[in-house]
1. Go ahead and run the numbers for FRET between B:Glu183 and B:Ala228, Cβ-Cβ distance against an R0 of 41 Å, rounding to 0.05.
2. For the range A:47-52, what does the Karplus curve 6.51 cos²θ - 1.76 cosθ + 1.60, with θ = phi - 60°, yield as ³J(HN,Hα) per residue in whole Hz, taken in order and with x for Gly and Pro?
3. Based on the Cβ-Cβ distance of B:Ala28 and A:Arg24, what FRET efficiency does E = 1/(1 + (r/R0)^6) give at R0 = 30 Å, to the nearest 0.05?
4. Calculate the spin-label point distance for A:Arg221 paired with B:Arg221, positioning each point 7 Å from the Cα along the beta-carbon direction, and give it in nanometres.
5. In Å² (nearest 100), what accessible area is buried between A and B, both sides summed, heavy protein atoms only, 1.4 Å probe?
6. Where a ≥ b ≥ c are the square roots of the eigenvalues of the C-alpha gyration tensor, would you call the range B:17-79 rounded, which needs a/c under 1.5, or, failing that, prolate if a/b is larger than b/c, or oblate?
7. Determine the gain in length on full extension of the stretch B:Ser16-B:Arg53; use 0.36 nm per residue of separation and subtract their C-alpha separation, reporting nm with one decimal.
8. Name the chain A residue with the Cβ nearest the axis that maps A onto B: which is it, and what is the distance in angstrom?
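The values are calculated or read from the model by the stated rules, or taken from the named source; none is laboratory data. Because the structure is a prediction, the values reported are computed rather than measured. Glycine also receives a Cβ, built like all others from the backbone with ideal geometry; neighbour counts cover every protein chain displayed. Please note that ligands, DNA and RNA were not included when accessible areas were found on the heavy atoms of the full protein model with its side chains. Shrake-Rupley method; radii C 1.70, N 1.55, O 1.52, S 1.80 Å.
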Number of protein chains: 2
Amino acid sequence: MAPTSKVSSEKIVAKSLVDVVTERLEDAIVAGDLVPGERILEQVLANEMGISRGPLREAIRRLEGRRLLERKPNIGVRVAELSPERLNELLTVREALEGMACRIAATKMTDAEIQDLEKLLNAHARDVSSSSGYYQQSGDFDFHFRIAQSTGNEFLISMVTGDLYDLLRVYRYKSSTMGGRAEEALNEHKKIVAALAAHDPDAAEAAMREHISNARIHAKRAFEEAAAADKADAS
Amino acid sequence: MAPTSKVSSEKIVAKSLVDVVTERLEDAIVAGDLVPGERILEQVLANEMGISRGPLREAIRRLEGRRLLERKPNIGVRVAELSPERLNELLTVREALEGMACRIAATKMTDAEIQDLEKLLNAHARDVSSSSGYYQQSGDFDFHFRIAQSTGNEFLISMVTGDLYDLLRVYRYKSSTMGGRAEEALNEHKKIVAALAAHDPDAAEAAMREHISNARIHAKRAFEEAAAADKADAS
DNA sequence: TCGGTTTTTAGTGTAGACAGTTTGCAAAGT
DNA sequence: ACTTTGCAAACTGTCTACACTAAAAACCGA
């Protein structure tokens, strides 16, 4: 990386092994390499990663705090189980938080930022028509990310774009629960931007809530159908 | 509990040392024994607790995930710093989450539960008139706790009554930022209960939001005044 | 006396070893 | 055949020791 000139303008963050391991674990869970419900054997995983158990355990503790992992004393660590109920809970919380974020954004966002958002949406419109599927992923995240960011509320930002988002990503990989709503989502996004442009907090919050609420209902149904299909397969 | 026959029907939870240490640390932070900004020396603290550094470090990692502690690689661990901005951020998030909780409660709470809530309020009314100060503490918590609980949303509950609440408690001990609003708070609580009794989600959410918003504005002012006074003292 | 450089030292980061529990298996008893 | 009990292997929980990093102190030259 950065084979350019200069000394290397990269910030020397001096990440500790625990930080690295935490990220690797996180990615593994989110990517589905570690399936929900799966037991984690510390020694085995430590060997695979070429480290000792100490740092691994510390990384696990952190992810416990973020609810990606669950530990039972003297038994072991498991990847957090997924269920339609839990997904519904997550999205309800997200609805509350992002609704608030959008409300604040309506008062704080500059016109320049809103214009950027509109440009983003236009770019997304192309993806939708070409059904590249891109929009479902990072495109959607980008949209929500910018709104959260504009609040300037660090705590809120870290919840929406950090913890909560990671948790939701687990579901995305598990099945195609999210997505399949590209067109509707885009229209809802447009509505949100319109409210932001009008600097109308109430409308902005309502629009965001409706957007996430729709996603919640859609995801819930899709998840339950997928679960039913799984069950049928097992017969 | 259960001093009856049989061997002992108590659940043997077998908490690990890390669990115990986590709680002790948490209490120490919340109680103000560990002041915000204070550096924590692992070896020293481990000696004081009579344990080794391993479990202590794991406990610290957990509290990092909950944002009560902050670690800089190769530097050390500090108790999370407090600031009016941060408090404001916290309470904004709380407003969003508890507002949502209250909305759901309006549809889910049974009439029996609502009556209990009313009883609770009457009991509180006495405390307020006798200015025992009790209400500011566990009484208020109890009220909010019951509403969150009634949603049945485990994730939401754990945020409101767990993580967020702990964070806020740090501020309560630091200064008298919270409180001094017993009478107003009681009236606001009454308004919330009325909305719940009417099973009106919109009104319930609005009442809870107003309640927390008032607390936020009050706390912000109190905190800033206290900070200003501290500064004056230093002269 | 001051600025910069080297040395020291305290503290974090990591690894490895040991102890305590749990669980699965197998053998014995009913 | 089925339950029970004892054993053994495996894994988690904890502690100790060592390596590495960064801040502080001492030192030297101007």
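1. The calculated FRET efficiency here is 0.95.
2. Along the range A:47-52, the couplings run 4, 4, 8, x, 10, 8 Hz.
3. 0.40
4. My value for the distance between the label points is 4.9 nm.
5. 3000
6. Since a/c stays below 1.5, the shape of the range B:17-79 is classed as rounded.
7. The B:Ser16-B:Arg53 span can extend by a further 11.9 nm.
8. In chain A, the Cβ lying nearest the symmetry axis toward B is A:Gly65, 1.
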